[in-house]
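The values are calculated or read from the model by the stated rules, or taken from the named source; none is laboratory data. All values reported here derive from a predicted model rather than from experimental measurement. Reconstructed Cβ throughout: ideal geometry from the backbone, glycine too, with neighbour counts over all protein chains shown.
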């Protein structure tokens, strides 16, 4: 079948840089999805994106759709003709829908019933005729938070559209959209070319822009080039350019022809906390910072220009002129903030609302201080440091520096605390309180920082659940799921053995809210443990293994983790399948009577079979053997020990009838099985490992 390359380019005013890559991917996905839906096959696809254009080139797209064989099924023959073999209205209606007389219909067997049918071949459409509707639909579905209208048109797009290239091979596909008509003419770089560039064939698109338009349209290629250029600029002065990935993506989306230049600022600015300098350079000027061999910040930066200037020194000076007042502002904020102590800002926090029903930031700080002291006492950590850190933790929210650079909260608090001669433990805790910020982020390294980070997150989770604002579906405006995972990570990786139920109760007790959800404690506890599920699935732990531990509701996340590890390993043992099935059988037998059996005692004199005594003695021996193992949480060793019961349990079920006619004997046998089940429940409910 004949094929041609397809080019679609939408030329616009500057597109939002932080979403450019996603827009480009969506353009490709939506377009290819429509082609697939219509049965139009192609060889490969490439997407292009710059600040002023979105484009897709599809190679070897077939020129026509494949012909389709259509088989229409009508009514059953028994309903299509009456007793005189005359067609009924059902047959006549089906024939009419097919455009032929009844005599032209065929018969076929479907689901064992003979029915009327009609088969015909539908000729495939011309791709060039289908493309305008495909493109119009694709552009209308592109994701954008806000669309724009311009001129007198009512059509909307992400940004005003100025040109459109629409080529199928060398043929221009006519399309009138957004007030412009498609053509073969594109525009190059805004500053380096002033003429339209004619593209003769879709396959020539990238080469035309690179050779004649001063544009590198491939986003990935441009990103690689930007990275190479900024690293080389640093090497020229014996420095290392720190390549921040999100910034690299943004800068790549801001330029069509990147040129890296190195600039500098006064060395006196290095007296400012380097985090503030770096953030000022990144957020305001989109510059990359440089460090020396000792990883110390240098008074230099690398900027990426979108123009190959004949006088690059003027571009550098322009960037330096803009960045200097930004850094001067940061220095002013820093010096002003240090004129008052952090502790002096505690009282004004009473005027800053944390959440409408949960009081002020001051109220939250007091609650976190109470909870921090409790956690510290449980872990034998100095509680005074934890309380002090908690009370100071949000004070930097009222500083000028954090008002300007919100990302520096916590970091600036640690600088100001150090200036105020606070203890080293407090200084570290203030810096670490927001760790981890995201999946895989560093954890607090200090004990005080860990305590504060846990208490702060748990206070928010408890409070928002208490006033009826838990996460729902995909909505989690307060990031409570992320906070819960952060708490679990800190407890597990730090090996902090804390009873999370007691922590939740302590947190609830610190609240003075009148209308607090009575189920808050149980809901928060379940919410925290459920965060484990996806975590363990990513680690290859099955849902059955997770559920076998989850059903026991261990109150210590660290203990929960040890049990999961043990059951996951136990599940691969050859005895696991039999023991899981046996526990499932026992669980089913006890399901309706387990509560009644709790108050009953086993009577050995009621044993009728030797297998009963054998199982009883084995259980007693294992109780003694596994008790110290489970006490020290060596669950794998305990389960491994219990696995030797396989033969005894097998013999018991082979020779003993559980549901005996004598109710006394029956109950006694159930009590024996209950003791067996309790042995395993010290680690997990392995009946959940059974496939049923």
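Is there a residue in region 47-60 that is in contact (Cβ under 8 Å) with a residue 12 or more places away in the chain, within 19 Å of residue 172 (Cα to Cα) and surrounded by fewer than 18 Cβ atoms within 10 Å (Cβ to Cβ)? Checked region 47-60: at least one residue is in contact (Cβ under 8 Å) with a residue 12 or more places away in the chain, within 19 Å of residue 172 (Cα to Cα) and surrounded by fewer than 18 Cβ atoms within 10 Å (Cβ to Cβ).
Which pairs do you get when a residue that is on the phi < 0 side of the Ramachandran plot, found in region 629-640, comes within reach of a residue that is in a loop (DSSP other than H, G, I, E, B), reach meaning Cβ atoms under 6 angstrom, with the pair 6+ apart or on two chains? From residues that are on the phi < 0 side of the Ramachandran plot, the pairs are 630/682; 635/683; 638/683; 639/683. Restricting attention to region 657-692, the residues being surrounded by fewer than 20 Cβ atoms within 10 Å (Cβ to Cβ) and not in a helix (DSSP H, G or I) number 10.
Screening region 509-522 for residues that are in a helix (DSSP H, G or I) and in contact with a helix residue (DSSP H, G or I) (Cβ under 6 Å, 6 or more places away or on another chain) and picking the one that is nearest to residue 354 (Cα to Cα) gives 520. Restricting 558, 552 to those that are touching a residue at least 12 places away in the same chain (Cβ under 8 Å), on the phi < 0 side of the Ramachandran plot and in a loop (DSSP other than H, G, I, E, B) reduces the list to 552. Does residue 496 count as part of a loop (DSSP other than H, G, I, E, B) and free of Cβ contacts under 8 Å to residues at least 60 places away in the same chain? In short, no.
One residue alone among 205, 118 is buried (at least 18 other Cβ atoms within 10 Å of the Cβ), more than 24 Å from residue 37 (Cα to Cα) and at pLDDT 95 or above, and that residue is 205. Screening 588, 499 for residues that are closer than 22 Å to residue 685 by Cα, in the same structural domain as residue 371 (by TED's automatic domain parsing) and either exposed (fewer than 14 other Cβ atoms within 10 Å of the Cβ) or modelled with pLDDT of 95 or more (or both) leaves exactly one candidate, 499.
Looking at region 99-107, is at least one residue touching a residue at least 24 places away in the same chain (Cβ under 8 Å) and surrounded by 18 or more Cβ atoms within 10 Å (Cβ to Cβ)? Yes, region 99-107 has at least one match.
Would you check if there is a residue in region 415-425 being under 17 Å from residue 478 (Cβ atoms), in the same structural domain as residue 457 (by TED's automatic domain parsing) and out of contact with any strand residue (DSSP E or B) (no Cβ under 9 Å at 6 or more places or on another chain)? No, the conditions are met nowhere in region 415-425. Criterion applied to 612, 601 was being part of a loop (DSSP other than H, G, I, E, B) and either assigned by TED's automatic domain parsing to the domain that holds residue 649 or in contact with a helix residue (DSSP H, G or I) (Cβ under 9 Å, 6 or more places away or on another chain) (or both), and the one residue passing it is 601. Is one or more of the residues making up region 12-33 over 26 Å from residue 221 (Cβ atoms) and surrounded by fewer than 22 Cβ atoms within 10 Å (Cβ to Cβ)? Within region 12-33 (the criterion being over 26 Å from residue 221 (Cβ atoms) and surrounded by fewer than 22 Cβ atoms within 10 Å (Cβ to Cβ)), the answer is no, since none of the residues qualifies.
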